């Protein structure tokens, strides 16, 4: 039996997009620039009511974005133009009945199984680390898919 709490729907149908891109940020400035990326992304995502997860591996980003189709596609267009990425590849887009990451304003997903995932929740007063809880089976399935995409060439839409 699981302690996981099911994600709560955030309105009607949702659009989900997954992409993969190669990190172009120099290793010596990566920590600082990734902090800036997370800070800006969390703020923008909260404002746009977009949720999701970002996997960081040694050389790759894999991100899932969930929200209205216009908001998600707009963010993806900005990401494609960002010089901190290259080889941006759209992996999949799907309409869904509900969000898998409905309570996650953004999460840092570990690229390796032995590293912890860090779900983050949007509150009125900002972004906070989520209380320790198990992920749902749907989240685990999508997180595993993200790790697969990071490890190998993604099958694109």
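The values are calculated or read from the model by the stated rules, or taken from the named source; none is laboratory data. All values reported here derive from a predicted model rather than from experimental measurement. Positions of Cβ are generated from backbone atoms using ideal geometry, with glycine treated the same way; all protein chains shown enter the neighbour counts.
Quick notes on this structure:
- Tally, over segment 68-94, of residues that are part of a strand (DSSP E or B), out of contact with any helix residue (DSSP H, G or I) (no Cβ under 6 Å at 6 or more places or on another chain) and within 11 Å of residue 21 (Cβ to Cβ): 5
- Leading residue by the ranking (nearest to residue 103 (Cα to Cα)) among those in segment 134-147 that are touching a strand residue (DSSP E or B) at 6+ places or on another chain (Cβ under 9 Å) and part of a helix (DSSP H, G or I): 139
Residue-wise test of (1) part of a strand (DSSP E or B); (2) modelled with pLDDT under 85; (3) within 27 Å of residue 152 (Cα to Cα); (4) over 15 Å from the mean Cα position of the chain (by Cα).
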{"residue": "3", "(1), (2), (3), (4)": "no, yes, no, yes"}
{"residue": "25", "(1), (2), (3), (4)": "no, no, yes, yes"}
{"residue": "31", "(1), (2), (3), (4)": "no, yes, yes, yes"}
{"residue": "98", "(1), (2), (3), (4)": "no, no, no, yes"}
{"residue": "107", "(1), (2), (3), (4)": "yes, yes, yes, no"}
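- Looking at 14, 72, just one residue is within 13 Å of the chain's Cα centre (by Cα), modelled with pLDDT of 90 or more and within 20 Å of residue 97 (Cα to Cα), and that residue is 72.
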